[in-house]
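Okay, structure first, notes after.
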Amino acid sequence: MTKSKSAKPTQKKSRQPDVTRRNILDAALYEFAAKGLAGARVDEIAARSGSNKRMIYEYFGNKEGLWLTVLENAYTRMREEEHAIDVARMKPEDGMRYLMEFNFKFCSRNPEFIALLNAENLHKASYLKDSKKIRELYTPLLVVITDLLQRGQKDGVFRKGVDPVELYTTIAALGFFYFSNIHTLSTIFGRNLLSPKQQKTRLDHSMEVVLGYLRP
């Protein structure tokens, strides 16, 4: 009985650093997405996370280190969710549809991701260049796309000579542009592009554009 009781505080204590770190990252994601790197304040991140500046500096070194970690986590989450489905077992056209639908819907569900990418592009990816893991996250994705293209060519449903990097850039752009400009486009064209109906229309159109290009 005594041994069992004494184990609980130890377990709770060992988990505390992970919880604190997670809380800081969640708070930083909110602040960075809302205000960018320059506008976000470490004091505000600490207050929102229920932590303190000392802990932030201990875990991440400085605000720029925290920014990079938040960026890497956002990319990692996207890739992990994407890999939840085994695209390699799908027919080529179905696999390509899945990748397009996932990318579009991920952007829809995660406006913070769009905000982070916009902000990092303003900095010319100067912080992302220091990442030791970002390219590793995208290598498996390019392998999947290459496999889909090769199988599609073999089945006669995809054309030859498609560059997987160019194709992915197009797929990503079709979702990213829509959601990064959704408020201005809604105003310009007098449509509520955030509505489920308009999003479905846009996704269907995007799939037709990409699959139409891929057909022999």
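Computed from the coordinates by the stated procedures, all read-outs in this text should not be read as laboratory data. Just so it is clear, the structure is predicted and the values come from calculations on it, not from any experiment. Glycine also receives a Cβ, built like all others from the backbone with ideal geometry; neighbour counts cover every protein chain displayed.
Cα-Cα over 18 Å: which of 63/129; 35/132; 35/63?
Numbers: 63/129 16 Å; 35/132 25 Å; 35/63 13 Å.
Beyond 18 Å between Cα atoms: 35/132.
What fraction of the Cα pairs in region 15-61, stated in percent, has a spacing above 15 angstrom?
Working: 375 of 1081 pairs.
Across region 15-61, Cα pairs with separations above 15 Å total 35 percent.
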Sorted largest first, the Cα spans of the chain on the principal axes come out in Å as 68, 49, 34
Per the helix-only model, the chain has a calculated mean residue ellipticity at 222 nm (DSSP H runs of ≥4, -39500 (n - 2.57) each, divided over all residues, rounded to the nearest 500) of -26500 deg cm²/dmol
To the nearest 20 debye, the chain has a Cα-centred charge dipole, built from +1 on Lys and Arg Cβ and -1 on Asp and Glu Cβ, of 800 debye
Checking rank on 173-179, 51-57, 188-194, with mean other Cβ inside 10 Å and highest first, the result is 173-179, 51-57, 188-194
One finds, for residue 85 and residue 157 with R0 = 30 angstrom and r their Cβ-Cβ distance, a FRET efficiency to the nearest 0.05 of 0.95
Inter-part gap, Cα centre of region 82-156 to Cα centre of region 166-216, in whole angstrom, is 16 Å
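Would you work out the relative contact order for the chain, in percent, from Cα pairs under 8 angstrom that are 6 or more residues apart? Show your work: numbers first, answer last.
Numbers: 160 pairs, mean separation 41.8, N = 216.
Normalised by residue count, the contact order of the chain is 19 percent.
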